[in-house]
Amino acid sequence: MLVAPPALDVPRAKIPVFAPYVGVDTLKHLTDALDVGWLGMGATTKDFEDRIAAYLELDGRYVVATNTGTSALHIALLAAGVGPGDEVITPSFNYVADHQAIRATGAAAVMCDIRDEDLGLDVDVVRSLITPRTKAIIPLHFSGIPCRIDELYALANERGLRVIEDACHAFGSTVRGAKIGSFGDIACFSFDPVKIITSIDGGCVVVNDRDALERLHRLRLLGVDKDTTLRYKNKRAWDYDVVSEGYRYHLTNIMASVGVSQIKRVAEFIRSRQAICARYSAAFDGIPGLRVLRRAYDDVSPFIYSLRVLDGAREALIEHLAALDVEVGIHFVPVHRHTYFATARRSPMPVTDRVVDEVLTLPLHSLMPEAAVERVIDGVRSFYGR
Ligand SMILES: Cc1ncc(COP(=O)(O)O)c(C=O)c1O
């Protein structure tokens, strides 16, 4: 049985914002994994980790697969030594996963404004937020577009801070030719249902030393020592010790089998998305009332295509596109506006407060049918009388 993306070349089918690409190859990996009969964390989890390491071209760095990107962020923070009394700086223009992961360690999330140019952390504002309690910074590579990570690492080194890159949108994005995750301190990725590659739900942490790797192995599985090596052979250790706090954050063989099937095709998925984003930007650039985030996408592994709609026209454009059966999304509601985080320490938010009323996420799928791409382009252009 073929499970393929919705038949979007049907002229009037609704075009969803997200459409995971799941083909027969994924089904084969899944049924093979079920046939092995070892459903929990095991050899396929290790295979997925090895393939992530190979794809990211890691050298002296290590991958720990987790059950979500959020759990990856949580144990990455713990491995970096973040805990009660500490502060961690991250953008408000972000998914709330980061802020919840920070709070789960007992630390406080401190929210920072972004740069108008690339919607990444504003390093000067980060500097103004640093206090003796600051332990780490979590920059976000929004939509897959690398933020100004060099400047951030320079600041972190100067002030002795850890950096945990939220690369959940950026699996395969590069900085000067090096894949995000292959350099620097710690990076976290997500393989949730709508990401460029999915393991249904899943994520991983990339670290640069073996002690951190071992700490992450324990944090991922209830603080249990010794168990990982045996589980990677589809076996269990019956005599074990518990040596730290820990969680049930591991990725199972079954989920990993989906991830393995997807990572085999990641280059093809990314190429198709880059081409669509470049076409979108070429079609919208220069229309008064619209602002594209990027024109060239060679260094971007685009998770979403986000466009800035100026002059308060976003709601009207959304209605116009809805009438054409083109679905859109909004990334993000800024975290400082959520009830639970409303009193958290933060910088002034002039850029964030403006940008969140402008951003609009257009449909972007791996191997998106040409007719669907054209309908999205025509839909947006027709709103502006083009
Ligand atoms: C920026 C960002 N960080 C973290 C996450 C959390 O990843 P997950 O959904 O795998 O827990 C997401 C998920 O969409 C995200 O967009």
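The values are calculated or read from the model by the stated rules, or taken from the named source; none is laboratory data. Since this is a predicted model, take the numbers as computed values, not measurements. Positions of Cβ are backbone-derived with ideal geometry, glycine not excepted, and every protein chain shown enters the neighbour counts. When the accessible area is computed, the model is the full protein with side chains, heavy atoms only, and any ligands, DNA or RNA have been set aside. Shrake-Rupley method; radii C 1.70, N 1.55, O 1.52, S 1.80 Å.
Tell me whether the stretch 136-232 comes out rounded, prolate or oblate; compute the Cα gyration tensor, take square roots of the eigenvalues as a ≥ b ≥ c, and use a/c under 1.5 as the rounded threshold.
oblate
Once backbone amide H atoms are built at 1.01 Å from N, ARG294 has no partners under 5 Å, excluding neighbours fewer than 5 places away on the same chain. Give the residue from CYS147, ASN67, TYR340 lying farthest towards the positive end of the charge dipole for the chain; charges sit on Cβ (+1 for Lys and Arg, -1 for Asp and Glu) and the dipole is referred to the Cα centre. The residue sitting farthest along the positive end of the dipole is ASN67. Here the chain carries DSSP beta bridges of which approximately 60% are antiparallel, counting only pairs with both residues inside.
Listed values for the stretch 365-374 are Karplus-derived 3J(HN,Hα) couplings in whole Hz (6.51 cos²θ - 1.76 cosθ + 1.60, θ = phi - 60°), namely 10, 5, 6, 5, x, 3, 5, 6, 4, 5, and x replaces Gly and Pro.
Let me make sure I get this right: for the stretch 1-127, a, b and c are the square roots of the gyration tensor eigenvalues over alpha carbons, sorted descending. Under 1.5 in a/c it's rounded, otherwise prolate if a/b > b/c, else oblate. Which is it?
The shape class here is oblate.
Placing +1 on the Cβ of every Lys and Arg and -1 on the Cβ of every Asp and Glu, with no other charges, gives the stretch 133-179 a dipole of roughly 140 debye about its Cα centre. The Kirkwood radius of the stretch 213-288, taken over pairs of alpha-carbon atoms, gives through the Stokes-Einstein law at 37 °C and 0.692 mPa s a diffusion coefficient of 207 µm² s⁻¹.
Considering only beta bridges that DSSP places wholly inside the stretch 50-175, some 10 percent are antiparallel. Answer with one residue from ILE114, PHE189, LEU161: the one whose Cα lies farthest towards the positive end of the charge dipole of the chain, charges on Cβ with Lys, Arg +1 and Asp, Glu -1. The one lying farthest along the dipole's positive direction is PHE189. Name the shape class, rounded, prolate or oblate, that the alpha-carbon gyration tensor gives for the chain, where a ≥ b ≥ c are the square roots of its eigenvalues, rounded holds for a/c under 1.5, and otherwise prolate holds if a/b is larger than b/c and oblate otherwise. Here the chain falls in the oblate category. Across the chain, where is the longest run that never hits chymotrypsin sites (Phe, Trp or Tyr not before Pro) in a DSSP loop with at most 15 other C-beta atoms within 10 Å? The reported range is 19-237. Spatially, the stretch 291-360 and the stretch 91-123 are offset by 15 Å when compared through their Cα centroids.
Taking amide hydrogens as placed 1.01 Å from N in the peptide plane, the amide H of GLU165 sits under 5 Å from those of ILE186, ALA187, CYS188, each at least 5 positions away in sequence or on another chain.
Among beta bridges from DSSP that stay inside the stretch 139-286, the antiparallel ones total about 65%. In this view, the solvent-accessible surface of HIS331, computed with a 1.4 Å probe and all protein chains in place, comes to about 30 Å². Computed over neighbours whose Cβ is under 15 Å from that of MET349, the net charge equals -2, Lys and Arg +1, Asp and Glu -1. For the stretch 7-111, the Cβ-based charge dipole about the Cα centre amounts to some 380 debye (Lys, Arg positive; Asp, Glu negative; other atoms uncharged).
For the stretch 153-160, the Karplus equation 6.51 cos²θ - 1.76 cosθ + 1.60, evaluated at θ = phi - 60°, returns couplings of 5, 4, 5, 4, 5, 4, 9, x Hz by residue, with Gly and Pro reported as x.
If you take the alpha carbon atoms of the stretch 252-348 and fit the smallest convex hull around them, that volume is 209 Å³ per residue. Net charge dipole, the chain: roughly 300 debye, given to the nearest 20, about the Cα centre with Cβ charges of +1 for Lys and Arg and -1 for Asp and Glu.
If you rank ARG279, ARG337 by how much accessible surface each has, with a 1.4 Å probe, what is the order from largest down?
Accessible-area ranking of ARG279, ARG337, largest first: ARG337, ARG279.
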